[in-house]
1. If you stretched the chain out fully between Asn138 and Glu114, how much longer would it get, using 0.36 nm times the residue separation minus the C-alpha to C-alpha distance?
2. Neighbour counts of other C-beta atoms within 10 Å: give me Glu63, Glu8 arranged from fewest to most.
3. Using helices alone, I'd like the mean residue ellipticity at 222 nm for the chain: each DSSP H run of four-plus residues gives -39500 (n - 2.57), total over residue count, nearest 500.
4. So how tilted is helix 100-109 from the main axis of the chain? Cα-based, degrees 0 to 90, rounded to 10.
5. Give me the percent relative contact order of the chain, please, defined on Cα pairs under 8 angstrom at least 6 residues apart.
6. Got a sec? How would Arg88, Arg2 order by Cβ neighbour count within 10 Å, fewest to most?
7. May I ask you to compute the full-extension gain from Gln104 to Tyr29, defined as 0.36 nm times their residue separation minus their alpha-carbon distance, rounded to one decimal in nm?
8. What does the charge dipole of the stretch 1-126 about its Cα centre add up to, to the nearest 20 debye, if the Cβ of each Lys and Arg holds +1 and the Cβ of each Asp and Glu holds -1?
Amino acid sequence: MRKEDLDEIQINNLISIAQKARTMAYAPYSNYTVGAALLAKNGSVFTGCNIENAAYSPTNCAERTAFFKAVSEGVREFDAIAVVGGPRDVEIPTAATPCGVCRQVMMEFCDPEEFLVVLSDEVMTLKEILPLGFGPSNLEIRD
Ligand code: THU
């Protein structure tokens, strides 16, 4: 969707859903808690939080949790995601900018020019946060 098509009410709604999802974060190692709210084209919203692991690398970010929940339920078309994060004891979090791995997961399912990433005070396209991204279209076979 275009930035102007995501109105202030939708933005605030997604941010507040992400804030609620953040309370579910399992982050005993970093104590940095993140919440995400992923808006699907069908209007449903999938939430996610970060889920850490004692072995560290199996940690899943909030954004990927939301994407994997949606895809595992048959939903693959998305308009926007809101992400909030901060140290556990900071109740009003600032924006958590998605890590590179999460940007790549977004690239798998979203049109980079159309998918919107809602940070606390700005809305950006996936292309703006992942220029020259490699995605499924790069693997299309051409003659
Ligand atoms: N994290 C997220 O969940 N999303 C982000 O956008 C940035 C980082 C998590 C991973 C880890 O559990 C913690 O935040 C600190 O990096």
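Read the figures in this text as sums done on the coordinates, not as results from a lab. Computed from a predicted structure; not experimentally measured. All Cβ positions, even for glycine, are placed from backbone atoms using ideal geometry, and neighbour counts span all protein chains on display.
1. Contour length minus the Cα-Cα distance gives 6.9 nm.
2. In order of increasing Cβ crowding within 10 Å: Glu8, Glu63.
3. Per the formula, -8000 deg cm²/dmol.
4. It works out to around 50 degrees.
5. 21
6. If I rank by nearby Cβ atoms, fewest first, I get Arg2, Arg88.
7. Stretched out fully, the Gln104 to Tyr29 stretch lengthens by 24.6 nm.
8. So the dipole magnitude of the stretch 1-126 works out to roughly 460 debye.
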